[in-house]
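Below is one structure, written out as structure tokens, with a few remarks after it.
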Amino acid sequence: MQYLHTMVRVKDIDASLAFYCDLLGLEEVRRKENEKGRFTLVFLAAPSDLGSSSEFQAPELELTYNWDPEEYQGGRNFGHLAYRVDDIYALCQKFVDAGVVINRPPRDGHMAFVRSPDGISIELLQRGEPLAPAEPWASMENTGSW
């Protein structure tokens with residue numbers, strides 16, 4: 001068995017790509033437009049997974065954009081995506097600077113949660129040992145749900 005990808009439906013492809021690529025740091029590896037089915041698939045991979053993505057098309061995140069408007073409910077029912085990151089504090093600051101709410105701040109220097117523009121929970125986990133507690137994260141309260 002081999003893990004291939006996780007698919008999430010998105011309402012605004014540009015907002016989603018800005019979130020997943022510009023902020024989170026994933027890279028677009030391929031795109032499929034389907035005129036007949038009226039959808040676009042965009043496959044993303046983490047920088048450290050680009051070789052595996054190229055060779056095996058895995059592990060990846062598939063963004064599915066349906067051209068006809070649909071209302072998606074219950075992003076939280078999906079669960080969450082998890083990414084190991086090199087510096088959780090720097091990445092959380094990047095999200096804050098872009099106006100993204102940190103739903104569960106990295107008070108412990110190890111774990112944080114944010115939400116995509118479509119309400120998908122994203123878990124961020126510090127690579128290696130947790131970072132030493134630091135402000136503003138150490139005293140920041142949770143916001144919303146994750």
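When the residues of the range 136-146 are filtered to those that are surrounded by 13 or more Cβ atoms within 10 Å (Cβ to Cβ) and in contact with a Phe, Trp or Tyr (Cβ under 9 Å, 6 or more places away or on another chain), which remaining residue is modelled with the lowest pLDDT? The selected residue is W146.
Scanning for something part of a loop (DSSP other than H, G, I, E, B), of a type outside the set (S, T, N, Q), closer than 21 Å to E27 by Cα and over 12 Å from the mean Cα position of the chain (by Cα), does the range 80-89 turn up at least one residue? Yes: the range 80-89 contains one or more residues that are part of a loop (DSSP other than H, G, I, E, B), of a type outside the set (S, T, N, Q), closer than 21 Å to E27 by Cα and over 12 Å from the mean Cα position of the chain (by Cα). Just to verify a result, which residue in the range 116-135, among those that are open to solvent by 60 Å² or more (accessible area, probe 1.4 Å), in contact (Cβ under 8 Å) with a residue 12 or more places away in the chain and of a type outside the set (G, A, S), is farthest from R9 (Cα to Cα)? Among residues in the range 116-135 that are open to solvent by 60 Å² or more (accessible area, probe 1.4 Å), in contact (Cβ under 8 Å) with a residue 12 or more places away in the chain and of a type outside the set (G, A, S), the one farthest from R9 (Cα to Cα) is P133. Checked across the range 74-90, the condition of being among the β-branched types (V, I, T) and closer than 17 Å to I122 by Cβ holds for at least one residue. Number of residues in the range 7-20 that are open to solvent by less than 30 Å² (accessible area, probe 1.4 Å) and either within 13 Å of A98 (Cα to Cα) or in a loop (DSSP other than H, G, I, E, B) (or both): the value is 2. All conditions but one from (1) more than 30 Å from P136 (Cβ to Cβ); (2) touching a residue at least 60 places away in the same chain (Cβ under 8 Å); (3) touching a helix residue (DSSP H, G or I) at 6+ places or on another chain (Cβ under 9 Å) apply to F43; the one that does not is (2). For the range 96-107, the tally of residues that are open to solvent by 60 Å² or more (accessible area, probe 1.4 Å) and either within 12 Å of P130 (Cα to Cα) or of a type in the set (D, E, K, R) (or both) stands at 2. Being of a type in the set (D, E), touching a strand residue (DSSP E or B) at 6+ places or on another chain (Cβ under 7 Å) and in contact (Cβ under 8 Å) with a residue 40 or more places away in the chain is a property that does not hold for E33. Answer with yes or no whether E62 is at pLDDT below 95 and either aromatic (F, W, Y) or open to solvent by 50 Å² or more (accessible area, probe 1.4 Å) (or both). Criteria not met by E62. The lone criterion from (1) more than 20 Å from D12 (Cβ to Cβ); (2) in contact with a Leu (Cβ under 7 Å, 6 or more places away or on another chain); (3) exposed (fewer than 13 other Cβ atoms within 10 Å of the Cβ) left unmet by A46 is number (3).
The values are calculated or read from the model by the stated rules, or taken from the named source; none is laboratory data. This one's a predicted model, so the numbers in the text were calculated from it and none came from an experiment. We place every Cβ from the backbone using ideal geometry, glycine too, and count neighbours over all the protein chains shown. Side chains are part of the model used for accessible areas, which takes the heavy atoms of the whole protein and leaves out ligands, DNA and RNA. Shrake-Rupley method; radii C 1.70, N 1.55, O 1.52, S 1.80 Å.
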